[in-house]
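Worksheet: one structure, shown below.
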Amino acid sequence: MEKLQNFIDGAYCAPKSGNYIDNYEPATGKVYSLIPNSDASDVETAVQAAERAYPIWSKMSAEDRSAVLIRLSEGIQARMDEFVAAESRDNGKPVSLAAHVDIPRAVSNFHFFATAIVHFASESHFMEGVGVNYTLRKPIGIVGCISPWNLPLYLFSWKIAPALAAGNCVIAKPSEITPYTAYLLGQVAKDAGLPDGVLNILHGEGKTVGDAIIKHQKIKAISFTGGTATGEYIARTAAPMFKKLSLELGGKNPNIIFADCDFDDMLNTTLRSSFANQGQICLCGSRIFIERPLYERFKEAFVAKVAKTVVSNPTDPKAILGAVVSKPHMEKVLSYVELAKQEGGTVLTGGEQVQLDAPYNEGYYIRPTVIEGLAYDCRTNQEEIFGPVVTITPFDTEEEVLLMANSTAYGLAATVWTSDLKRAHRVADELQSGIVWLNSWLVRDLRTPFGGMKASGVGREGGWEALRFFTEAKNVFVKY
Ligand code: NAD
């Protein structure tokens with residue numbers, strides 16, 4: 001059985017403890033590789049390597065760092081097929097999705113921040129007749145990057161790329177549920193000429209190696225994407241140590257559909273925004289609100305389309321949905337369908353596991369599910385399910401739908417469908433959400449602020465926001 005390794009100080013190595021955990025293939029439900037279960041001693045080795053590398057990397061010119069990161073981006077591109085196959089196998093997502101979204105985005109993330117850093121400038125503030133302030137933005141030092149399983153390399157690189165571009169050394173931990181593409185990344189970084197110790201990739205559980213990263217005194221900032229409960233724990237642990245924190249957490253996103261929308265565009269996009277990546281994108285809209293005059297037409301057309309959506313093994317080119325990421329996650333998602341029934345909901349389509357033929361008969365497949373008849377404030381409509389399950393709810397007025405949309409603890413993303421320009425902007429303004437898409441979904445410009453409000457997080461990623469997070473501002477005043 002293949003054993004993955006940590007990547008520390010420019011070399012692959014086994015965890016000091018010799019402990020490994022199983023890595024499951026969601027499509028078959030079988031263990032297919034072993035992951036190092038690293039601990040504080042591995043983190044310590046990585047931090048020492050990063051300390052040695054920091055003076056070299058942080059003092060390198062932005063142009064030189066940029067050149068390394070562009071080569072890194074090209075290195076992933078050159079091994080595209082290998083990365084795509086690995087991501088799909090590790091996560092359960094259709095190969096087509098990994099090929100069109102996940103790995104191309106990882107390539108773009110490195111390329112984007114490699115070019116951004118050579119344009120990154122800081123401010124100056126002139127005081128009439130008194131003097132001038134200028135602000136220096138220097139790298140922080142050693143930073144920790146911790147990412148989840150749903151978009152493995154996509155989100156891993158979304159943190160690492162700006163951290164490295166800004167001149168920091170990185171201790172990074174991918175999810176233990178989807179470690180494989182992060183494991184491959186070490187070699188690509190080495191081949192790109194990244195100096196040893198600048199990027200260290202450690203594998204293992206959150207409660208062991210993740211915990212050791214957030215508690216290490218010399219790791220000065222933590223960029224975390226994952227669940228809200230984990231984010232709360234990280235904030236509670238790391239904030240008293242005065243670490244800089246960026247927390248990208250859970251969501252329960254509303255999709256608001258007014259009767260005057262472009263119906264076909266809305267319907268096709270809503271299918272994607274509900275079920276792309278088996279509904280396991282933090283930006284998926286899981287609560288669909290439909291203006292009452294359109295409700296029956298929407299329900300009939302949407303349910304018909306969802307019922308025809310192909311759930312198959314990830315290598316099947318016809319698969320729109322593949323496997324969800326793990327058995328516990330499948331059980332969690334299905335338990336929410338049961339909860340929805342107890343809360344008075346009616347399952348219009350889906351609601352059960354899909355049984356595929358061997359060798360996929362023990363894989364984790366769920367039929368895309370649409371539920372109606374639930375109160376907006378019941379648990380099913382308030383808690384994050386993070387799977388292929390959506391609810392549909394009619395509304396009568398703008399005021400009512402805003403109340404329902406804003407009723408959860410979360411505030412990550414929202415989608416609004418309408419042809420009324422004034423209403424679109426008015427509703428966007430009133431939504432408690434870090435990201436709003438009008439008549440669209442998941443159109444991403446990497447320069448824009450990315451993140452959520454309320455229990456969806458603290459801080460923003462993307463563009464200058466990320467480069468500002470990964471640098472420390474120092475103001476210098478010069479008297480005339
Ligand atoms: P999770 O919180 O369980 O794990 C995320 C990462 O944190 C993993 O690498 C895990 O090992 C690590 N971790 C767990 N406990 C830790 C600890 N005590 N100390 C340090 N690290 C620890 O989340 P998940 O199940 O992997 O991901 C799903 C969640 O991520 C969902 O809630 C989803 O909404 C959220 N998410 C948010 C965004 C966003 O941009 N806001 C994007 C993707 C996913």
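Taken together, the values in this text are just the output of simple stated rules run on the coordinates, not laboratory data. Keep in mind it's a predicted model, so treat the numbers as computed, not measured. Please note: Cβ atoms are built from the backbone with ideal geometry, for glycine as well, and neighbour counts cover all protein chains shown.
Odds and ends about this structure:
- Check: segment 10-58 dipole with +1 on Lys, Arg Cβ and -1 on Asp, Glu Cβ, in debye: 100
- Euclidean distance of C-alpha centroids, segment 309-361 and segment 1-52, integer Å: 30
- When segment 253-445 is reduced to its Cα atoms, the Kirkwood hydrodynamic radius in Å: 16.8
- Lysine pairs within segment 253-445, Cα separation less than 19 Å, 8 or more sequence positions apart or different chains: 5
- The radius of gyration of the Cα set in the chain, together with its Dmax, comes out at 22.9, 79 angstrom.
- If the chain linking E362 and D445 were pulled fully straight, counting 0.36 nm for each residue of separation and taking away their Cα-Cα distance, it would gain 26.0 nm.
- Helix-only [θ]222 nm of the chain, DSSP H runs n ≥ 4, -39500 (n - 2.57) each, per residue, nearest 500: -11500 deg cm²/dmol
- Percent of beta bridges antiparallel (DSSP, the chain, rounded to nearest 5): 45
- The shape of segment 109-184 can be summarised by an equivalent ellipsoid whose semi-axes, obtained from the alpha carbon gyration tensor, come to 35, 12, 9 Å from longest to shortest.
- With 0.36 nm allotted per residue and the present C-alpha distance subtracted, the K3-A121 stretch has 38.1 nm of extension available.
- With 0.36 nm allotted per residue and the present C-alpha distance subtracted, the D64-M80 stretch has 3.3 nm of extension available.
- Ranked list, fewest to most other Cβ atoms within 10 Å of each Cβ, for L467, L421: L421, L467
- The chain: angle of helix 421-430 to the longest principal axis, Cα-based, in degrees nearest 10: 60
- The C-alpha atoms of the chain define a longest principal axis, and helix 40-59 lies at about 70 degrees to it.
- The relative contact order of the chain, computed from alpha carbon pairs under 8 Å that lie at least 6 residues apart in sequence, is 19 percent.
- Between the helical axis of 292-308 and the longest alpha-carbon principal axis of the chain there is an angle of about 70 degrees.
- Rounded to the nearest 20 debye, dipole of the chain from Cβ charges on Lys, Arg, Asp, Glu: 1180
- Of all aspartates and glutamates in the structure, those lying under 18 Å Cα to Cα from K207, and not within fewer than 8 positions of it along the same chain, are D22, D39, D42, E44, E176, E232.
- Percent of beta bridges antiparallel (DSSP, segment 253-445, rounded to nearest 5): 15
- Packing-based ranking, highest mean first, of 471-479, 75-83 given that Cβ atoms within 10 Å are counted: 75-83, 471-479
- Legend: P(r) of segment 24-148 from all alpha carbon pair distances, 5 Å bins from 0, whole percents, reading 2, 8, 11, 13, 15, 16, 14, 8, 5, 3, 2, 1, 1, 0, 0.
- V354-R272 FRET efficiency (beta carbon distance; Förster radius 25 Å; 0.05 resolution): 0.80
- Fewest-first ranking of W417, W441, W464, using other Cβ atoms within 10 Å as the exposure measure: W464, W441, W417
- Computed E for E399/N133 - FRET, C-beta separation, R0 51 angstrom, nearest 0.05: 0.65
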